[in-house]
Amino acid sequence: MRKVIMFPFLLLPLCGAALGKMSRPVQKLPQLRRIEQANFGPSCNIRLRTPENAEFPKTYSTKSGKGGGSIILRNLPQNFKGGGTLYFGFVCYDAATKDLHKGEPVRYDANKGKWVRDSANMLNVGTEGWTSAEKRTLDRAVHFFELRAVNAQGYAYTQDDINGDEDSRMRRLHYCLIHPPKALCGDGDIGYLNDGRKGDLTHYSLQILRSIEFIDDAAPTTSKETPAVRARRK
């Protein structure tokens with residue numbers, strides 16, 4: 001099972017109450033007009049489109065050989081829990097890493113030449129003692145997306161919280177883009193479920209991911225820090 005970047009991947013509302021029942025005009029997110037480059041180490045130099053006015057810190061550690069970064073877009077429109085901050089994170093792995101996709105609800109279909117949904121790959125990992133009904137509930141909470149970027153392919157999926165206070169339940173997005181010999185992966189929160197479609201950043205996030213292009217190698221700017229990682233939450 002892969003370890004995933006600690007940089008919260010997408011949406012982390014910082015403060016503010018949920019929208020009231022009074023309707024407000026839906027405000028638009030910034031357009032993806034700015035072209036950025038991020039060098040996360042050998043074979044993981046990328047170019048992508050980012051939101052206007054977004055911050056884009058990056059890191060690469062010669063000690064660990066890992067690179068990572070995040071797009072930070074502050075003060076989201078009021079549709080998103082009264083505003084907040086968008087964190088879009090990246091970590092670069094060796095594509096051949098053992099168990100990189102273990103526990104993910106996906107598999108690579110060699111006949112079709114693409115990644116497809118495979119719920120069994122998720123439901124058979126870390127669900128010991130679960131009832132059939134609990135597994136079905138988890139399966140329904142997952143939505144799969146085929147992911148094709150400029151010169152890479154992979155997968156993304158969202159997973160909705162199925163436990164906890166309903167006002168605090170969130171939708172999380174996980175992704176991995178493969179461009180041998182590297183895989184660029186990440187995850188994070190992309191909205192509160194009770195905000196509905198107005199507060200869902202799934203498709204906005206996928207637009208950014210699909211703009212990624214792996215480009216020729218160049219010497220990265222190094223740092224002492226290793227991108228922080230954590231075990232993927234189940």
For the subset of region 185-203 comprising residues that are surrounded by fewer than 22 Cβ atoms within 10 Å (Cβ to Cβ) and in contact (Cβ under 8 Å) with a residue 24 or more places away in the chain, which member is farthest from Leu32 (Cα to Cα)?
Asn194
Among (1) within 18 Å of Asp200 (Cβ to Cβ); (2) aliphatic (A, V, I, L, M); (3) at pLDDT 95 or above, where does Ala149 come up short?
(1)
Quick one: Lys135 ticks every box in (1) modelled with pLDDT of 85 or more; (2) over 26 Å from Arg49 (Cα atoms); (3) in contact with a strand residue (DSSP E or B) (Cβ under 7 Å, 6 or more places away or on another chain) bar one, so which box is it?
(3)
What pairs can you find where one residue is in region 159-174 and at negative phi, the other is of a type outside the set (Asp, Glu) and assigned to a loop (DSSP other than H, G, I, E, B), and their Cβ atoms are less than 6 Å apart, with a gap of 6+ or different chains?
Gln159/Ala141; Asp160/Ala141; Asp161/Arg169; Ile162/Ala141; Leu173/Leu10
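Would you tally the residues in region 154-184 being crowded, with 19+ Cβ neighbours inside 10 Å and either aromatic (Phe, Trp, Tyr) or closer than 17 Å to Val142 by Cβ (or both)? Walk me through how you get there before you give the answer.
Just the residues of region 154-184 that are crowded, with 19+ Cβ neighbours inside 10 Å, to begin with: 154-159, 170-179, 182-184.
With either aromatic (Phe, Trp, Tyr) or closer than 17 Å to Val142 by Cβ (or both) added as a condition, the list becomes 154-159, 170-176.
Summing the residues that are crowded, with 19+ Cβ neighbours inside 10 Å and either aromatic (Phe, Trp, Tyr) or closer than 17 Å to Val142 by Cβ (or both) in region 154-184 gives 13.
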Of these, Val91, Val125, Val142, which one is in contact (Cβ under 8 Å) with a residue 24 or more places away in the chain, hydrophobic (A, V, I, L, M, F, W, C), surrounded by 15 or more Cβ atoms within 10 Å (Cβ to Cβ) and in contact with a helix residue (DSSP H, G or I) (Cβ under 9 Å, 6 or more places away or on another chain)?
Val142
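Taking the criterion of being part of a loop (DSSP other than H, G, I, E, B) and among the polar types (S, T, N, Q), would at least one residue in region 135-143 satisfy it?
Within region 135-143, none of the residues are part of a loop (DSSP other than H, G, I, E, B) and among the polar types (S, T, N, Q).
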Candidates Asn39, Asn53, Asn124, filtered to the one that is of a type outside the set (D, E, K, R) and under 19 Å from the mean Cα position of the chain (by Cα)
Asn39
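The values are calculated or read from the model by the stated rules, or taken from the named source; none is laboratory data. Every value quoted in this text rests on a predicted model; they were computed, and no experiment measured them. We place every Cβ from the backbone using ideal geometry, glycine too, and count neighbours over all the protein chains shown.
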